[in-house]
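Heads up, the thing below is written out as structure tokens.
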Amino acid sequence: MNELAGKHIVLGLSGGIACYKAAELCRALIKQGASVQVVMTEAAERFMTPVTMQALSGRPVFSSQWDARTAGGVDNNMPHINLSREADAILVAPASADFMAKLLHGRADDLLSLMCLARPLERVPLILAPAMNREMWVHPATQRNVAQLRADGTTVLDVGAGEQACGETGDGRMLEPAELLDDIVAFFQPKALAGRRVLVTAGPTFEPIDPVRGITNHSSGKMGFAIAHAAWEAGAQVTLIAGPVTLPTPRGVRRLDVTTALQMRDAAEAEALQADVFIATAAVADWRPAQAADQKIKKDGQGTPPPMVFTENPDILAGLAASPRGRSGALYCVGFAAETDNLQAHAQAKRARKGVPLLVANHGPSAFGQDDNQLYLVDEQGVHPWPRDSKRALARRLVAEVARRLPPNS
Ligand code: C5P
């Protein structure tokens, strides 16, 4: 997807071994449709050559405030002004401890810090991806600087944890290029769910028959994972309760893995106490074997299948919609319906039966496992069909729609 189409990013590199990740980040930004102007400090040039960054960005790299080349199409020998005016954001990755300390004081003795200071505050946001040794990161001076930079309106991204280039282990590594890309894409999304807590169920459940067999279904979890991701992009705190699926956890999302419907119900009921929104995309098994066998069930050699008694699973969505928070609207519940026929009529009946204000219907066989989908929104007013689109785009649209329907944040 062209997630950053039309965006112009100034990618600043300050000195640190994480400069090697900036090369891949630059490629990733461009792959998503952004244009990238690289600006490097003198220290950054010790770690990565401007030749590499020029080759990857397709533009000459700037590093000196005295550089007289044409910058931003202007010839006035003011690269610190001209290079930032068209930018949708200045992203400094890596941002060293020293560079952040410098920004904090409004110092501007090299091109990159000069640009950060001279940028139009109201329309060119500054995003920093810190990178440093773990002791430098936890040092009170650095933490104080980060807090003050944030208070000044700068977006300071998280750091990664783990093994560091110096051989020590801890917090302070720069995020990986793919994580940074996710954060930048999210940065540009509207924050319609800021301050909200969103709970999502996704994927199938698996109901054991015996230790090696069970009942499940074809749900891939893709729609629910896309919704969880979109809700995080929209600024929500997101918990995702996932049945057995192989999908990676969306960035920024807290994930709880469960297997059975009963486990999903228990997790959902506990988490829903804190949530403002519950979006139930999971394809919960309707029944489970009343008693799972302790040992593998053997064939009897006569061709007779084993007798099997089923129990109906609790309806998680209907249960939460009928809870005091669900009924009062403090927990806004959204259901999903995968139908094979008579989609609109079945969906309207299901919305009433589940007692939810909003139900999203789709055609099961053409949605399960696919990367795109067609949704029908069903509310009090009727059925609203949405054109077919990628699950990612639909998830963003749905999140915006849910945000619009929520009571004002108290
Ligand atoms: O009744 P049906 O399974 O078609 O309903 C689908 C909707 O109800 C989905 O939102 C699904 O996540 C939710 N559901 C549930 N618990 C169940 C069955 C369905 O939360 N036991």
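Odds and ends about this structure:
- Longest stretch of the chain clear of exposed loop sites (chymotrypsin sites (Phe, Trp or Tyr not before Pro), DSSP loop, at most 15 other Cβ atoms within 10 Å, sites excluded): 189-410.
- Dipole check for segment 282-341: with +1 at the C-beta of Lys and Arg, -1 at the C-beta of Asp and Glu, and the Cα centre as origin, the magnitude is about 260 Debye.
- Fraction of antiparallel bridges per DSSP, segment 8-187 only, in percent to nearest 5: 25
- Annotation note: GluC sites (Glu not before Pro) in segment 1-94 located in DSSP loop regions with a Cβ neighbour count of at most 16 within 10 Å are Glu42, Glu86.
- Per-peptide average of other Cβ atoms within 10 Å, ordering 395-401, 290-296, 156-162 highest first: 395-401, 156-162, 290-296
- Each listed q (0.08, 0.10, 0.11 Å⁻¹) maps to a log10 I(q)/I(0) for segment 197-405 from the Debye sum over equal C-alpha point scatterers, namely -0.28, -0.43, -0.51.
- Each Lys or Arg adds one and each Asp or Glu subtracts one; over the other residues with Cβ under 15 Å from the Cβ of Gly15, this totals -2.
- For Ser390 and Ser366, the difference between the fully extended length at 0.36 nm per residue and the C-alpha to C-alpha distance is 7.4 nm.
- Whichever lysines have a C-alpha closer than 16 Å to that of Lys391, once near sequence neighbours (fewer than 8 apart) are set aside: Lys222
- Centre separation in Å (Cα based) which lies between segment 268-294 and segment 100-129: 48
- Separation of alpha-carbon centers, segment 130-199 and segment 1-43, rounded to whole Å: 17
- Fraction of beta bridges assigned by DSSP in the chain that are antiparallel (%, nearest 5): 30
- Total formal charge among the other residues, if their Cβ is under 10 angstrom from that of Trp287, Lys/Arg +1 and Asp/Glu -1: -2
- Surface share of carbon and sulfur [accessible, 1.4 angstrom probe, percent] for segment 258-410: 50
- Paramagnetic reach from Asp210 in segment 285-312 [backbone N under 17 Å; point 7 Å along Cα→Cβ]: 289-310
- Percent carbon-and-sulfur accessible area, segment 8-187, ignoring ligands, DNA and RNA, probe 1.4 Å: 51
- Stretching Arg397 away from Asn409 to a fully extended chain increases their span by 2.3 nm, per 0.36 nm per residue minus the current alpha-carbon distance.
- A simple spin-label model places the labels of Thr52 and Arg107 2.6 nm from each other, with each point 7 Å out along Cα-to-Cβ.
- Accessible area per residue was computed with a 1.4 Å probe on protein heavy atoms; His218 scores about 150 Å².
- Scanning the chain for DSSP H helices at least 18 Å long along the axis (C-alpha atoms) with a Kyte-Doolittle mean no lower than -0.5 picks out 19-31, 391-405.
- Solvent-accessible surface of segment 8-125, taken per residue with a 1.4 Å probe and all protein chains present: 44 Å².
- Sorting the segments 257-264, 138-145 by their mean number of nearby beta carbons within 10 angstrom, highest to lowest, gives 257-264, 138-145.
- Take segment 278-353 with all the other protein chains still there, run a 1.4 Å probe, and you get 61 Å² of accessible area per residue.
- Those trypsin sites (Lys or Arg not before Pro) in segment 97-131 that DSSP places in a loop and that have at most 12 other beta carbons within 10 Å: Arg123
The values are calculated or read from the model by the stated rules, or taken from the named source; none is laboratory data. Please read these numbers as outputs of a predicted model, since none were measured by experiment. Reconstructed Cβ throughout: ideal geometry from the backbone, glycine too, with neighbour counts over all protein chains shown. We work out accessible area using only protein heavy atoms, side chains counted, and drop any ligands, DNA or RNA first. Shrake-Rupley method; radii C 1.70, N 1.55, O 1.52, S 1.80 Å.
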